Amino acid sequence: MSRAHSKFKMDVPRDGMKVNLYPWALLNDVGNMTWELGKRHLLRFTGLIYSQFYSSTKEIFDAAKTYPFDDQSLEGLAIDPSLYKEWQREAKHFGCKWSPKKGRQTYGSGKLRVAEGLASALSKSFSIREEHHLTMDLLLQMGKRMEARGLINQPLVCPTHHTSPHRHPPFLAIPTHIVIEYL
């Protein structure tokens with residue numbers, strides 16, 4: 001059983017369920033998670049195929065699926081200068097054009113982009129998003145039940161301690177400014 005499986009209490013059988021936990025910002029209990037159900041899992045037979053839960057905070061740094069510090073040339077900044085000089089002599093034969101100056105410029109651009117992203121994020125609110133892949137049969141059944149209960153045009157209400165007095169909210173709420181200060 002994986003570490004992610006052991007951390008979460010579920011009312012469903014875990015055999016045949018692949019759970020991936022992706023910790024966020026070096027925090028142990030905060031992160032994104034995916035569930036992928038095997039073909040023989042009980043929930044798969046009822047119509048649930050895949051679920052993912054992820055934070056919208058990635059929007060702070062995402063620019064057309066490009067993130068700061070993703071450029072592989074940044075790895076060259078960790079090379080010892082004497083080793084770089086030796087490689088530079090050899091690279092003339094292979095057409096290598098990497099330079100420490102370009103690496104430093106890329107790093108500086110990344111730092112600036114992070115600072116701007118964090119500054120603009122202070123005026124926003126971020127949340128966890130859920131995405132579920134269902135069979136069409138399950139979706140139609142859900143629609144029929146919602147219609148029978150008169151819920152089709154009603155807004156969804158997230159359970160909180162106000163709407164469910166015997167339970168805690170099913171989430172951890174941290175104000176955006178505290179998250180930004182942590183980053």
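Kindly indicate whether Thr160 is at pLDDT below 75 and within 30 Å of Tyr50 (Cβ to Cβ).
Yes, satisfied.
Do we find that Arg89 is open to solvent by 100 Å² or more (accessible area, probe 1.4 Å), modelled with pLDDT of 85 or more and over 20 Å from Ala64 (Cβ atoms) in this structure?
no
Identify all residues within region 121-133 that are open to solvent by 60 Å² or more (accessible area, probe 1.4 Å) and in contact (Cβ under 8 Å) with a residue 12 or more places away in the chain; write none if there are none.
Leu122, Lys124, Ser125, Ser127, Ile128, Arg129, Glu130, Glu131, His132, His133
Inspect region 39-50 for any residue being outside any helix (DSSP H, G or I), at pLDDT 85 or above, among the basic types (Lys, Arg) and exposed (fewer than 13 other Cβ atoms within 10 Å of the Cβ) and give the result as yes or no.
Checking region 39-50: at least one residue is outside any helix (DSSP H, G or I), at pLDDT 85 or above, among the basic types (Lys, Arg) and exposed (fewer than 13 other Cβ atoms within 10 Å of the Cβ).
When the residues of region 134-157 are narrowed to those that are among the β-branched types (Val, Ile, Thr) and open to solvent by 80 Å² or more (accessible area, probe 1.4 Å), which ends up modelled with the lowest pLDDT?
Residue satisfying both the conditions and the ranking: Val157.
Within region 55-77, work out how many residues are surrounded by fewer than 17 Cβ atoms within 10 Å (Cβ to Cβ), within 20 Å of Arg129 (Cα to Cα) and in contact (Cβ under 8 Å) with a residue 24 or more places away in the chain.
So the count comes out to 3.
Table: residues versus (1) more than 21 Å from Pro68 (Cα to Cα); (2) in a helix (DSSP H, G or I); (3) in contact with a Pro (Cβ under 9 Å, 6 or more places away or on another chain).
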residue: Arg104; (1), (2), (3): no, yes, no
residue: Gly108; (1), (2), (3): no, yes, no
residue: Glu131; (1), (2), (3): yes, no, no
residue: Gln141; (1), (2), (3): yes, yes, no
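The values are calculated or read from the model by the stated rules, or taken from the named source; none is laboratory data. Only a predicted model underlies this, so the values are computations on that prediction, with no experimental measurement involved. As a convention, Cβ positions derive from the backbone with ideal geometry for all residues, glycine included, and neighbour counts pool all protein chains shown. Keep in mind that these areas ignore ligands, DNA and RNA; they rest on the heavy atoms of the full protein, side chains included. Shrake-Rupley method; radii C 1.70, N 1.55, O 1.52, S 1.80 Å.
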